[in-house]
1. For residues that are within 11 Å of the chain's Cα centre (by Cα) and more than 11 Å from V4 (Cβ to Cβ), scanning just the range 40-58, find the one that is modelled with the highest pLDDT.
2. Specify the residue that is nearest to the chain's Cα centre (by Cα); the eligible residues are those in the range 1-35 that are modelled with pLDDT under 85 and among the hydroxyl-bearing types (S, T, Y).
Amino acid sequence: MTNVTLQADTAYEKLIRLEASAETSSDELFCCAYLLGHLSLISGQELMDSASLDQLMHTSLQQAFTIDRLSDQDKTAIVALWDNVSLSADRD
């Protein structure tokens with residue numbers, strides 16, 4: 001298992017736990033679902049280069065933000081949640 005795959009698995013598990021949390025708001029549920037979709041897409045790709053999971057996710061999110069009709073508040077919340085999950089996954 002590659003380092004990127006291990007990071008993706010850890011981040012995925014954290015998002016699933018957060019999504020299942022009774023304390024999660026509807027906005028946070030939306031952000032979790034959005035990130036889980038992107039994480040699944042990235043995890044399904046062959047990661048031949050040395051890009052980090054964080055780089056891949058930020059690129060994927062920025063590409064999607066140009067197409068998806070999300071508010072700036074939603075975009076900020078999604079990126080903030082990813083940064084939080086990504087940092088905590090790196091510590092595990």
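1. H58
2. At the first step, the residues of the range 1-35 found to be modelled with pLDDT under 85 are 1-8, 21-25.
Cutting the leftovers down to among the hydroxyl-bearing types (S, T, Y) gives us 2, 5, 21, 24-25.
On the way: T2: 18, T5: 13, S21: 17, T24: 16, S25: 17 Å.
Filtering the range 1-35 for residues that are modelled with pLDDT under 85 and among the hydroxyl-bearing types (S, T, Y), the one nearest to the chain's Cα centre (by Cα) comes out as T5.
The values are calculated or read from the model by the stated rules, or taken from the named source; none is laboratory data. Because the structure is a prediction, the values reported are computed rather than measured. Cβ coordinates were reconstructed from backbone atoms using ideal geometry, including for glycine residues, and neighbour counts include every protein chain displayed.
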